[in-house]
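First comes the structure, then the notes that go with it.
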Amino acid sequence: MVRQQIEARGVRDPAVLAALRKVPRHLFVSEALREQAYGDFPLPIGEQQTISQPYIVAEMTQALALTRNDRVLEIGTGSGYQAAVLAEIAYRVFTIERIRALYLSARRLFDEMRLYNIVTRYGDGSKGWEEESPFDAIIVTAGAPEVPESLIAQLAPGGRLVAPVGGQHTQELVRVTKEAHGIRRTDLGGCRFVKLVGEQGWKEA
Ligand code: SAH
């Protein structure tokens, strides 16, 4: 998976590659899908949500430019896979999920895997996690019309945010960095994510 899907497409950060080699992705999907867990595509995780394609996880993680001391916020825990990858690299991961069944099963997995540097929360993450802010890095794994302002506000100086932004079906992956003179925004290319549903995302259907 790492060599053919991720290194071959240009992901080079050694910490990202090591984390992807280490985290057992098959544990984050249902038993029926285990054999497909290392394929080059997203997979359903129930509740009409998906675990992202491995390459997208790698690309977004690399774009966060994480170091050992970083505190990271993730919006959209889902299966917990992305959080587990982040937890291999960073100091602590705070992750929020709005669907209770997914929140509960990810939390159970983190316990079983002894990933004690992941802190979970059930609720609307589109407003961020004020009490734990600022964060060195923020990753949004669901698509919103725009990058939520409250998330940018919760970024530390020098902090990096990666989020899919755009329509309900296709988005652009954007990277926002908080610099001394303001915000810098770069486009990383097209992507497809499920909707960020919440106060600073899409309204519930
Ligand atoms: N990072 C996940 C990807 C899950 S898909 C993984 O590695 O598996 C995106 C997730 O975002 C879904 O589980 C969805 O329920 C969740 N989500 C959508 N809007 C949200 C919000 N406002 N707050 C928290 N989670 C949200």
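Got a sec? Which of Val29, Val11, Val23, Val16 is among the aliphatic types (A, V, I, L, M) and under 21 Å from Arg98 (Cα atoms)?
On the way: Val11 fails: under 21 Å from Arg98 (Cα atoms); Val23 fails: under 21 Å from Arg98 (Cα atoms); Val16 fails: under 21 Å from Arg98 (Cα atoms).
The match here is Val29.
Of all residues in the range 27-59 being outside any loop (DSSP other than H, G, I, E, B) and touching an Asp or Glu at 6+ places or on another chain (Cβ under 8 Å), which is farthest from Leu173 (Cα to Cα)?
Pro54
Quickly run through the range 140-160 and pick out the residues that are within 13 Å of Asp124 (Cα to Cα) and either surrounded by fewer than 20 Cβ atoms within 10 Å (Cβ to Cβ) or among the aromatic types (Phe, Trp, Tyr) (or both).
Within the range 140-160, just Ser150 meets the criteria.
Residues that are out of contact with any helix residue (DSSP H, G or I) (no Cβ under 8 Å at 6 or more places or on another chain) and either under 24 Å from Leu20 (Cα atoms) or within 15 Å of the ligand (Cβ to nearest atom) (or both): does the range 178-186 have at least one?
To start, the set of residues in the range 178-186 that are out of contact with any helix residue (DSSP H, G or I) (no Cβ under 8 Å at 6 or more places or on another chain) comprises 179-182, 184-186.
Then keep just the ones that are either under 24 Å from Leu20 (Cα atoms) or within 15 Å of the ligand (Cβ to nearest atom) (or both); that gives none.
No: the range 178-186 contains no residue that is out of contact with any helix residue (DSSP H, G or I) (no Cβ under 8 Å at 6 or more places or on another chain) and either under 24 Å from Leu20 (Cα atoms) or within 15 Å of the ligand (Cβ to nearest atom) (or both).
When Leu33 is evaluated against the numbered criteria (1) without any contact (Cβ under 8 Å) to a residue 12 or more places away in the chain; (2) surrounded by 14 or more Cβ atoms within 10 Å (Cβ to Cβ); (3) within 21 Å of Gly190 (Cβ to Cβ), which criterion, by number, is the only one it fails?
With respect to (1) without any contact (Cβ under 8 Å) to a residue 12 or more places away in the chain; (2) surrounded by 14 or more Cβ atoms within 10 Å (Cβ to Cβ); (3) within 21 Å of Gly190 (Cβ to Cβ), Leu33 is out only on (3).
Listed here are the residues, each with its yes/no results for (1) of a type in the set (Lys, Arg); (2) without any contact (Cβ under 8 Å) to a residue 60 or more places away in the chain; (3) over 24 Å from Phe28 (Cβ atoms).
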| position | (1), (2), (3) |
| --- | --- |
| Ile99 | no, yes, no |
| Leu109 | no, no, no |
| Arg121 | yes, yes, no |
| Leu155 | no, yes, yes |
| Gly159 | no, yes, yes |
| Arg184 | yes, yes, yes |
| Asp187 | no, yes, yes |
| Lys203 | yes, yes, yes |
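Would you say Leu151 is at pLDDT 95 or above, in a strand (DSSP E or B) and either over 18 Å from Pro42 (Cα atoms) or in contact with a helix residue (DSSP H, G or I) (Cβ under 8 Å, 6 or more places away or on another chain) (or both)?
No, not satisfied.
The values are calculated or read from the model by the stated rules, or taken from the named source; none is laboratory data. Since the model is a prediction, treat every value here as computed from it, not as a measurement. Neighbour counts are summed over all protein chains in view; Cβ atoms, including those assigned to glycine, are modelled from backbone coordinates with ideal geometry.
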